[in-house]
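Only the coordinates and a few stated rules stand behind these numbers; no lab work does. These numbers were taken from a predicted model, which means no experiment stands behind them.
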Amino acid sequence: MTRSNEDVTARSGWMPTEVAEEVFPLPRILEALAAVRRRVRGVLIDWDLSPDVADDALLVVSEMITNAVTHALSPALLRLSRVKGDGCRILRIEVTDAGPAAQSRQGGRDTLPEEHGRGSAIVAALSFRCGARIHPGGVTRWADLRVR
C-alpha cells in the first residue's frame, strides 16, 4: 500500500523523512483559537522541535491566526509543514483566508491603538523569511522558521 504525504501525519507514528504536514480549520471565534494553539503545541512536541523553536512557532501561529480571524473573511485554514530545504529543516506556517474583511467605519473596539499592529513585525522578527501570496481564493500568509 502506498501512502501519500496527505495520509501521513505526525500523530500516526510514521513520518516521512522529507515532509510532515498538519492542517487545522480556524474557527471564527477568537476564544476558540486557544484550542487550535493547544493542538499546534501537541504537533510541535510530536515533531520533537526544540523548546525555543516551538515557543517561537507558537507565537507566530498565534499572531497569524488571530489576524486571520479578526481581519479576514472566512473560511480560514492553518497549515504547518516540516520540510527539508536550503540545507536545513524548515517549519513552514501558513494561514490562508478568503481575503480582507471590510473595515468598520465606526471606529473599532474599546482597545487602545498601541495594543494592535505589531503582529507582522513579530512574525518577521521570529522567522527567517515570511511573506504573502494573493490568489483567486484569497490570501495565504506564510513564515519559515529554521528547525535545529
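With semi-axes defined as the square roots of five times the eigenvalues of the C-alpha gyration tensor, the equivalent ellipsoid of the stretch 18-62 measures 20, 13, 8 Å, largest first.
The phi-based Karplus calculation (6.51 cos²θ - 1.76 cosθ + 1.60; θ = phi - 60°) puts the 3J(HN,Hα) values of the stretch 43-51 at 5, 5, 5, 4, 7, 6, 7, 4, x Hz, whole numbers, x for Gly and Pro.
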